[in-house]
Each structure stands twice: as C-alpha cells, then as structure tokens.
1. Using packing as a proxy for protection, rank 247-256, 185-194, 288-297 so that the peptide with the highest average count of other Cβ atoms within 10 Å comes first.
2. FRET efficiency for residue 203 and residue 165, Cβ-Cβ distance as r, R0 = 45 Å, nearest 0.05?
3. Could you calculate the contour length gain from residue 220 to residue 287, that is, 0.36 nm times the residue separation minus the distance between their Cα atoms, to one decimal place in nm?
4. So for each of 323-329, 274-280, 134-140 I average, over its residues, the number of other beta carbons within 10 Å; can you give me the resulting order with the highest mean first?
Amino acid sequence: MDFILNGQANGHFAGVLMQNNFDVNTLRPYIGRDGRTYITQNQGGKPVAVPIGNAAASLRKDEWIDLDLAVVAAAKNRLNIVQDVRGAGLTYNIPNGMGKTILETETMSDITAARISMDPAVRSEGDRPHYEVSGLPLPIIHKDFSFNARQVATSRNTGASIDVSTAELAGRRVAEEIEKLFAGSQSFAYGGQSVYGLTNYPSRITRTITVPTDSGWTPATTVADVLGMRQDSEDALHYGPWVLFTAPAWDRYLDDDYSTLKGDNTLRDRLNAIDRINSIRTADYLSGFDMVLVQMTSDVIRAVEGMQITTLQWETNGGMTLNFKVMAIVVPQLRADYNGNTGIVHGADA
C-alpha cells in the first residue's frame with residue numbers, strides 16, 4: 001500500500017509524488033520514437049516533452065493516448081450535472097490539487113440600509129460586514145487496474161493497440177462517483193468538514209411536490225410546483241437563471257403530451273417556457289421523483305477542480321505488472337450567503 005502520512009511518503013508511488021512536488025506527470029512516462037523515456041511538463045503554459053533518465057517507461061505515447069481517450073470518453077457520458085456547471089463557467093481551479101486537502105472560503109453578511117435625510121452632517125448608522133470561514137475537503141476519486149508485461153508485449157507483436165476496455169470501465173467508475181457527489185447521493189467528510197451535493201446540502205430550500213404516481217396528478221400540477229420552487233428561490237433573493245435537474249423517473253412524463261392535442265407540446269416544453277429556467281436536465285443519480293432547481297451562478301454552485309481525470313502508471317513485481325490508477329479531484333462547492341440564503345431548491349415527494 002502506498003500512502004502519505006504527516007508529510008512522509010510510504011511506498012514507491014507515494015515517494016515519487018513527494019519527490020516531485022505532487023506533479024502527476026512524473027507517473028506518466030512514455031517511450032519516445034528515439035527509444036528514450038519522456039514526461040510531459042507544462043512550461044510557460046505549453047506542454048513540453050522532457051527527457052528523464054531516472055525512470056523507465058513501459059508504454060509508448062500512442063498507447064497513452066489510447067488509454068486517455070478511453071477514460072475521458074467513458075467519463076463524459078456520466079457527468080450530466082458537472083457538465084452543466086462547467087458549461088456555465090462555474091469552475092474554480094486549484095493548482096497542484098494533490099498537495100492540498102482543504103479549500104477554505106468565507107461568507108460575508110450584508111450591512112444595514114442607508115439613511116435618508118436633508119442634512120449630510122447627520123451620521124448614519126455605523127456598520128461593517130461579518131465574516132464566517134468554512135472548509136471544503138478535496139478528496140481524490142480513484143480506481144485502479146493493471147496489465148501484465150506479457151499483455152503489452154503481445155499487443156506490440158501483433159500490431160494491435162492494448163485493450164483499453166478496463167481503462168474505460170475505470171474512467172466510468174470515477175465519473176460516476178463525481179456525479180454522485182454533485183447529486184448528493186454520495187457524501188464525504190474529512191477534518192470536521194463535508195462535501196455536500198444538491199439533495200443533501202443543509203442550506204438548500206426544500207419543497208414538497210406532487211409526483212405523477214400521486215392521485216389527481218396532472219402535468220399542470222408539476223408546472224405549479226416548479227413555479228413554486230422558482231418563487232422559493234426568489235424569496236431567498238436568488239433570481240436565476242436556473243437549470244432544473246430531474247430524476248430519470250420524470251423522463252416518461254416530461255416527454256408526454258402536455259395537452260389533449262397530440263403533438264401540441266410536452267410537459268418539458270411547457271417547463272422550458274418558464275422565464276429564466278434555461279434548461280431541463282436529467283440527472284442520473286437523483287432518486288425517485290426528485291427535482292432540483294439550481295441558480296447557475298458562482299455564488300450558488302461551483303466545480304472545484306484540483307485535477308482533471310488523469311491516468312497514472314507505475315511498475316511492481318520487477319516490471320512484470322503495470323499498475324494504473326485513474327484519479328481526479330473534482331468536487332461540488334454549494335454556497336449560501338452569511339444568512340443561509342441560497343438558490344438551490346430541492347423538490348421531493350412527501
């Protein structure tokens with residue numbers, strides 16, 4: 001087992017990271033066309049191939065490309081909430097995220113209203129905002145797999161690429177756990193602080209909604225519920241724009257005809273017509289008939305990114321086993337103001 005405890009590395013994997021200031025590229029060496037070993041380093045914002053002599057590579061560059069493409073392709077299929085957050089530009093990047101465990105932030109209170117008078121010499125009420133510090137853990141989401149040296153040799157002798165199906169599955173598993181963190185169906189705590197998602201965030205606004213399996217439900221009932229959720233957000237001084245994330249169970253009802261006229265429009269069309277709701281998105285890891293209205297601004301939700309999904313490699317058993325780890329540091333940061341107001345409204349059945 002490789003680990004880092006109290007600044008001390010134990011094991012080859014952890015030792016290499018410690019010696020190189022947690023630069024993960026040191027565990028991504030590749031064989032160049034000249035037979036030498038290289039790693040890629042970021043120099044002046046550009047990737048540069050740097051030859052190294054203290055580590056032997058086992059994979060060629062095109063084999064690394066095949067692995068990375070498989071891992072990233074698998075991951076993209078599962079990051080529905082994360083993709084929307086990223087697409088809205090709501091990201092916060094942490095350089096060298098491997099070297100940090102907690103992100104500290106603070107919330108600021110408002111101040112009292114200004115005074116209206118005819119005399120500028122009259123003093124208004126003195127005031128200053130209050131601050132509160134909170135922390136966000138930065139866990140590593142990771143999955144391991146391995147090849148033996150004979151598998152790599154066989155692929156090269158036959159001219160075929162190495163089998164990347166296991167890498168694809170590992171990438172999918174990492175992506176699923178990230179999505180679960182954002183949805184709130186998975187949680188993580190460290191150092192007295194927690195990572196919260198949309199459905200377990202303590203400051204979220206909750207509303208009981210009527211679901212399609214309830215007696216008397218009609219599509220208009222859901223429209224009224226969503227309008228109520230929007231009003232809840234506005235009452236908390238958050239005015240959009242919003243995305244409405246829905247559990248998969250809603251799909252058959254959202255895409256059914258809204259009115260008695262076939263093909264007139266669907267419930268999804270009707271909800272999309274609500275002012276400042278920009279889109280309706282299915283989130284795989286919302287349960288039951290949950291739906292969450294989220295104001296897509298940085299003061300409500302951000303994706304904190306310390307490391308994109310990355311594959312690392314090291315050898316054991318005298319080079320006979322090639323170990324791989326797909327890993328990422330991508331966590332949700334849900335935010336409320338000093339008074340607990342937020343633009344996240346969670347609708348669920350009673």
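Where a number appears in this text, it was derived from the coordinates with a stated rule and is not lab data. Fair warning: this is a prediction, and the values are worked out from it, not measured in the lab. In this analysis, Cβ positions are derived from the backbone assuming ideal geometry, glycine residues included, and neighbour counts consider all displayed protein chains.
1. Per-residue Cβ counts within 10 Å, averaged per peptide and sorted highest first, yield 288-297, 247-256, 185-194.
2. E(calc), rounded to 0.05, equals 0.60.
3. That pair, residue 220 and residue 287, stretches by 21.9 nm at full extension.
4. 323-329, 134-140, 274-280
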